[in-house]
Amino acid sequence: MPYIPVEPPPFFRRGPSPLARLAFFGCISIALLFVDTRYHYLEGLRHVAAVGLYPLQRVVQMPGEAIGWVGGYFVSLRELSEDNVVLKRQSVEHAAVAQSYAATQDENARLRALLDMRNRFATGAKAVEVLYTGRDPFAQKLFVDKGMDADIQAGEAVIDADGVVGQVTRVYPYMAEVTLVTDKDHAVPVQIQRSGVRSVLYGSGAGRPPELRFMAPSADIQVGDVLVTSGLDGTYPPGLAVARVATLDRETGQIFARIACTPLAGVDRSEHLLVVGRQSPAITRPEEPAAQDQGKKMGRAKRRGGATP
Amino acid sequence: MMVLPNIGPLSTAGPDEILRPVRPWFIVATLIAALALNLMPLSGVALALRPDFIALVLLYWCIQEPRYVGVGVAWTIGLLMDVGDATLFGQHALAYAFLAYAAEYFRRRVLRFPLWQQAAQVAVLLALCAGLVLLVRIVGGAPLPRWTYVVPPLVGALLWPVVTVLLQWPQRPQHSGVEL
């Protein structure tokens, strides 16, 4: 009896079935997701693809830039003259402050030299412009127009005229990604300007105010208090304004008060930002006093040993 | 006298016409255009309304030309989108690969309906795609997005007839103008 194949010969070769392909690519995707979240091995691949996408992104930005340019060209004369008056007045107002600032800074520098303290303030600051806000609805990010080309490094603080906007989290060859202080995974060590109480400001994601967590209900804090960076993290230079306490609920029925804050910087508005270089290398964490503890324990043991001969 | 192009009844490829074969470069060009539209620097309301153009165009080609565009192409474009959006690597890739598979699975069924009924089915597919992204992100520890997260798939579904007519334009027979 001749052998009759069960399957008819394939007329059109189409490779593996869609389900097989989905399984294959799905597995790769899940592996990529895992590697990206856990190990961050894929930054190189990301950079290569980002350079490839860059021309396309620039092309897409052109219409918006053109509209902005044309709009700026036709700003009315009145608006400009009004601006001029305001700016002149401001410059006079600031002059007094600025002059005293120079003197204070000189004095400060001398005192610091005397005390042999490290220079706390960052040396270089780079002005950048916002390219676009992040499209990921799960994260609060924006992209600025300078990256490795301007020697921007991940971890540098980003500020605008009013306060801290966020932190550079990823640097591409021609742009950089800034995570905003409102992002859920972002935290800023702060200090209350009025009372000096230290805390950490946690972002809460889109549409929700950042909050101070783990503050005792009795903490010295009031609505309207300004939070400034404490500089303890070695990332943010100390003394930058971050947020203002908006609502304060001490009677939550829990151990901690609920403190919501409003960012002072135009986190979702500012177009021009400043990347502030890292301050002097972060102070390394001192060794855990393990040896001392051990000594204590041994001492106790010895004592106990001595007590029971 | 006016000569209007004959778009025919609002369904893909009416019974009286046979579409010409698609040119591969046209598929590539439309996918690049969709990528560009997705990379547009939008913010505020425009960003909340913006449909996922890549998902839409991929869906169209997966339904119309499964021999050219399938799971592999969708996955590759998803990776590019992950880089453009600076999201987790593989998030869009997984969602688009799934979308391509679903399109391949449902394509014969979807094509039997007139365009506006196709749009309803496309809404479900796009929502599944967005839901998969949501699932991946929530497993990864992201907070729930705002309610506006459901808007883009619906806008995408509303755009489905437009996308179909536009992308089918070069394939329609040239001499089928109707004289009024």
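Protection proxy ranking of A:136-145, A:218-227, by the mean of other Cβ atoms within 10 Å over each peptide's residues and highest first, is A:136-145, A:218-227. Between B:Leu135 and A:Asp220, the FRET efficiency from the beta-carbon distance, with R0 = 41 Å, is close to 0.40. Sorted fewest first by neighbouring Cβ atoms within 10 angstrom, B:Trp116, B:Trp75, B:Trp147 come out as B:Trp147, B:Trp116, B:Trp75. Note on B:91-100: average number of Cβ atoms from other chains within 10 Å of each residue's Cβ is 4.
On the beta carbon distance between B:Arg109 and A:Arg208, with R0 = 51 Å, the FRET formula returns roughly 0.75. Counting Cβ atoms of other protein chains within 10 Å of each residue's Cβ and taking the mean over peptide A:133-145 gives 6.
With the convex hull drawn over the C-alpha atoms of region B:22-108, the volume per residue is 89 Å³. Residues considered: B:Leu144, B:Leu49, B:Leu31. Largest GNM mean-square fluctuation over chain B, using C-alpha springs under 10 Å, is found at B:Leu144. Under the simplified labelling scheme, the A:Ile28-B:Val162 pair shows an inter-label distance of 3.3 nm, with each label point 7 Å from Cα along Cα→Cβ. FRET efficiency for the A:Val48 to A:Asn84 pair, using the beta carbon distance and R₀ = 45 Å, is estimated at 0.40. Arranged from fewest to most other beta-carbon atoms within 10 Å of their beta carbon, A:Tyr101, A:Tyr174, A:Tyr236 become A:Tyr101, A:Tyr174, A:Tyr236.
Just the Cα atoms of chain B, one point each, no solvent: what log10 I(q)/I(0) does Debye give at q = 0.14, 0.15 Å⁻¹? After summing over all Cα pairs, the log10 values are -0.77, -0.87.
Gyration tensor analysis over the Cα atoms of region B:78-180 returns equivalent ellipsoid semi-axes of 32, 15, 13 Å (largest first, whole Å).
Its alpha carbons considered, region A:34-81 gives a radius of gyration followed by a Dmax of 19.6, 57 Å. Taking one quarter of the surface of the C-alpha convex hull of region A:71-195 gives a mean projected area of 12.2 nm². Look at the stretch A:44-53: the mean tally of other chain Cβ atoms within 10 Å of its residues' Cβ atoms is 3. Applying a length cut-off of 18 Å (Cα extent along the axis) and a mean Kyte-Doolittle floor of 1.0 to the DSSP H helices of chain B leaves B:24-38, B:71-85, B:115-139, B:151-168.
In this structure the amide hydrogen of B:Leu144, modeled in the peptide plane, comes within under 5 Å of no amide hydrogen from residues 5 or more places off or on another chain.
Taking amide H as placed 1.01 Å from N in the peptide plane, the amide H of A:Gly134 sits under 5 Å from that of A:Lys141, A:Leu142, A:Phe143, each at least 5 places away or on another chain. Note on region A:187-265: Cα convex hull, mean projected area over all directions, 5.0 nm². With kT/(6 pi eta Rh) evaluated at 20 °C and eta = 1.002 mPa s, and Rh the Kirkwood radius from Cα pairs, region A:64-113 diffuses with a coefficient of 152 µm²/s according to Stokes-Einstein.
Put a dot 7 Å past the Cα of B:Leu154, heading toward its Cβ, do the same for A:Trp69, and the two dots end up 3.9 nm apart.
Using Cα springs under 10 Å in a Gaussian network model of chain B, which residue among B:Ala29, B:Ala55, B:Ala100 shows the largest mean-square fluctuation? So, out of B:Ala29, B:Ala55, B:Ala100, the one fluctuating most is B:Ala29. Per-residue Cβ neighbour counts within 10 Å put B:Tyr149, A:Tyr39, A:Tyr132 in the sequence A:Tyr39, B:Tyr149, A:Tyr132, beginning with the fewest.
Read the figures in this text as sums done on the coordinates, not as results from a lab. Since the model is a prediction, treat every value here as computed from it, not as a measurement. All Cβ positions, even for glycine, are placed from backbone atoms using ideal geometry, and neighbour counts span all protein chains on display.
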